[in-house]
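Colleague: What follows is a single structure, and I will ask about it in a moment.
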Amino acid sequence: MKSTDLATETRDTDGQMDEKIRQYLAETLLIEFGDVPGATNEDENLFESGLIDSFGFVQLVSFLEKTFDIKITDDEVMSDALSSFAKIRTFVETKVGQ
């Protein structure tokens with residue numbers, strides 16, 4: 001496999017991760033991201049803005065672990081690594097890459 005093929009495959013995988021997370025947040029927690037009026041900014045703290053509560057957070061962690069076959073530690077849960085869509089996306093990309 002050429003390095004350009006690997007780079008393309010990684011981008012596709014990252015795009016699929018991004019879409020799966022967006023879809024989950026939209027369908028389960030009714031959070032939409034984008035440039036349309038009323039949409040949430042990707043960097044907005046989902047807890048401080050009231051878009052997610054503790055029950056929703058537990059559901060999100062479970063979804064991420066099952067969907068991406070990752071383990072999220074207690075320390076990671078207690079950090080702010082999952083506080084916004086942008087941070088969630090970066091966190092998952094990092095965990096999947098390990």
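The values are calculated or read from the model by the stated rules, or taken from the named source; none is laboratory data. If you're wondering where the values come from, they're calculated on a predicted model, not measured in any experiment. Note that each Cβ is placed from the backbone with ideal geometry, even for glycine, and that neighbours are counted across all protein chains shown.
Colleague: Find all pairs meeting these conditions: Cβ atoms under 8 angstrom apart; at least six residues apart or on different chains; first residue within region 12-39 and closer than 18 Å to L64 by Cα and without any contact (Cβ under 8 Å) to a residue 12 or more places away in the chain; second residue outside any loop (DSSP other than H, G, I, E, B) and among the polar types (S, T, N, Q).
Modeller: From region 12-39, the pairs are E32/T40.
Colleague: Restricting the search to region 23-66, which residues are in a helix (DSSP H, G or I), small (G, A, S) and closer than 17 Å to D80 by Cα?
Modeller: As a first pass, look at region 23-66 and keep what is in a helix (DSSP H, G or I): 23-28, 54-66.
When the remaining residues are screened for being small (G, A, S), the result is 26, 54, 56, 62.
Listed by number, the residues that qualify are S54, G56, S62.
Colleague: May I pose another question? Could you give me the residue pairs with C-beta distances under 7 Å whose first residue belongs to region 48-73 and is at pLDDT 95 or above, whose second residue is surrounded by fewer than 11 Cβ atoms within 10 Å (Cβ to Cβ) wherever it lies, and which are 6+ apart or on separate chains?
Modeller: E65/K71
Colleague: Restricting attention to region 67-92, report how many residues are touching an Asp or Glu at 6+ places or on another chain (Cβ under 6 Å) and more than 24 Å from G50 (Cα to Cα).
Modeller: The total comes to 0.
Colleague: Now a separate question. Out of region 71-98, which residues are among the aliphatic types (A, V, I, L, M) and buried (at least 17 other Cβ atoms within 10 Å of the Cβ)? Before you say what the answer is, go through the steps one by one.
Modeller: Narrowing region 71-98 to residues among the aliphatic types (A, V, I, L, M): 72, 77-78, 81-82, 86, 88, 92, 96.
Across region 71-98, the qualifying residues are I72, A81, L82, I88, V92.
Colleague: Can I ask one more? Test F57 against the criterion of being touching an Asp or Glu at 6+ places or on another chain (Cβ under 8 Å), over 18 Å from Q98 (Cα atoms) and of a type outside the set (S, T, Y), and give yes or no. If you could, list the steps in order and put the result at the bottom.
Modeller: Details: touching an Asp or Glu at 6+ places or on another chain (Cβ under 8 Å): no; over 18 Å from Q98 (Cα atoms): yes; of a type outside the set (S, T, Y): yes.
In short, no.
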